[in-house]
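The structure appears right after this line, and notes come after that.
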Amino acid sequence: MSNVTLAQADLIADKAIEKGRAMNFLPLTVVVLDAGGHVVVTKREDNSGILRVEIATGKAWGTLGMGLGARNLANRAVKNPAFYTALASASDGKMIPVIGGVLIRNADNQIIGAVGISGDVSDNDEICCIAGIEAAGLVADAG
């Protein structure tokens, strides 16, 4: 299994935050997980809310758990809320099927990790995820 590297994860987080600052978004928290769901990097901007690390982690973790970008997860959760409630329970609350979690793929289309961001509205969080992943020369899969 291939994984996002520390150098890539650090660049993703930095560039995601940089994008948020350039667009004047609210303070962000960025979590980058490897393909096994382990935290590689967490960065929390000053004044980012106290639950943002857990929310960002849950967004990224959910994408890995289902192998789908959070946009797909969010759409599916609307159509089948009972199933996604069960998934949240089965994952001990780790999974948050909300926009702002993006799979990281390599050039061979393999999932090598995921990014979750929390801090602004979900669509803006996703914009920053994608910007960070692409700045690292990787492929963003938001769903």
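Some points to look at:
- The alpha carbons of the chain occupy a box of 38, 35, 21 Å along the principal axes, longest dimension given first.
- For the chain, modelled as a GNM whose springs connect Cα atoms under 10 angstrom apart, the maximal fluctuation among Val121, Val32, Val53 occurs at Val121.
- Segment Asn109-Glu134, length gained on full extension (0.36 nm per residue, minus Cα span): 7.6 nm
- Taken one residue at a time, the phi angles of the stretch 127-143 give Karplus couplings (6.51, -1.76, 1.60, θ = phi - 60°) of 3, 6, 4, 4, 4, x, 4, 5, 5, 7, x, 10, 9, 8, 10, 8, x Hz. Gly and Pro are set to x.
- Fewest neighbouring Cβ atoms within 10 Å first, the residues Ser2, Ser89 line up as Ser89, Ser2.
- Among Gly65, Gly132, Gly100, residue whose mean-square fluctuation peaks in a GNM of the chain (springs only between Cα atoms under 10 Å): Gly65
- Alpha-carbon centroid distance for the pair the stretch 102-135 / the stretch 26-93, whole angstrom: 11 Å
- Which of Ala7, Leu26, Ile55, positive extreme of dipole for the chain (C-beta unit charges): Ile55
- Computed helical MRE - 222 nm, the chain, DSSP H runs ≥ 4 contributing -39500 (n - 2.57), nearest 500: -14500 deg cm²/dmol
- Dividing the mean sequence gap of close Cα pairs (under 8 Å, 6+ apart) by how many residues the chain holds gives a relative contact order of 31 percent.
Laboratory data are not the source of any read-out in this text; all were calculated from the coordinates shown. Predicted model, so just to flag it, every value in this text is computed and none were measured. All Cβ positions, glycine included, derive from the backbone under ideal geometry; neighbour counts span all protein chains shown.
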